[in-house]
1. Please tell me if L45 is out of contact with any strand residue (DSSP E or B) (no Cβ under 6 Å at 6 or more places or on another chain), part of a loop (DSSP other than H, G, I, E, B) and at pLDDT below 85.
2. Tally the residues that are farther than 21 Å from G84 by Cβ and modelled with pLDDT of 70 or more, restricting the search to segment 1-42.
3. Identify all residues within segment 48-65 that are outside any loop (DSSP other than H, G, I, E, B), surrounded by 12 or more Cβ atoms within 10 Å (Cβ to Cβ) and not small (G, A, S); write none if there are none.
4. Under the condition of being farther than 19 Å from T116 by Cα and not hydrophobic (A, V, I, L, M, F, W, C), which residue from segment 87-105 is surrounded by the most Cβ atoms within 10 Å (Cβ to Cβ)?
5. What pairs can you find where one residue is in segment 48-62 and of a type in the set (K, R), the other is exposed (fewer than 13 other Cβ atoms within 10 Å of the Cβ), and their Cβ atoms are less than 8 Å apart, with a gap of 6+ or different chains?
6. Report, by residue number, each residue of segment 66-86 that is surrounded by fewer than 19 Cβ atoms within 10 Å (Cβ to Cβ), touching a residue at least 12 places away in the same chain (Cβ under 8 Å) and in a helix (DSSP H, G or I).
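The values are calculated or read from the model by the stated rules, or taken from the named source; none is laboratory data. What you see is a predicted model, and the numbers here were worked out from it, not measured in a lab. Counting neighbours? That spans all protein chains shown, and the Cβs are built from the backbone with ideal geometry, glycine included.
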Amino acid sequence: MWWRSRSQSEFPTSSEVVSTLDGGIEGLFDPARYIAGFHSGLDALDDLAGGLRPATLTLLSGGPGVGKTALALAYVRHAALEDGVPIAILSPAATREQLLLRLFAAEARIPLEQFTKHSLEPYSSPPDGLQLPDIDLR
């Protein structure tokens, strides 16, 4: 294993790591450091999880119907529309059309069932303030 081939002097001590932090040990516990990720727009969730961190891969897992896609789309929508962050969605379960339909429904604040059951009332123009994020849905 790779760690067995390294000498102990190749690994930094905790003191050496702390010395590289802005603010030293106090900086390590500064709450502002942990809300540096992309926000979901759901403040309670962001306070709990700290947002999505840059340069990381975040995986959501859970049973069917627990809200994995809804949570991911909340982050995507907020990051794209509010923060202007380029977004790509990779989903093994949902099609591009399903994801786009969910984004339309969320942004228009119309229950998804009205879209999927084709029970929308016709209108001549989009709802006021409707914005759709420019998202790569490959």
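1. Against the criterion (out of contact with any strand residue (DSSP E or B) (no Cβ under 6 Å at 6 or more places or on another chain), part of a loop (DSSP other than H, G, I, E, B) and at pLDDT below 85), L45 does not qualify.
2. Residues flagged as farther than 21 Å from G84 by Cβ and modelled with pLDDT of 70 or more within segment 1-42 amount to 21.
3. Of everything in segment 48-65, just one residue is outside any loop (DSSP other than H, G, I, E, B), surrounded by 12 or more Cβ atoms within 10 Å (Cβ to Cβ) and not small (G, A, S), namely L52.
4. In this case the residue turns out to be S91.
5. R53/A36
6. Across segment 66-86, the qualifying residues are T69, A70, L71, A74, L81, E82.
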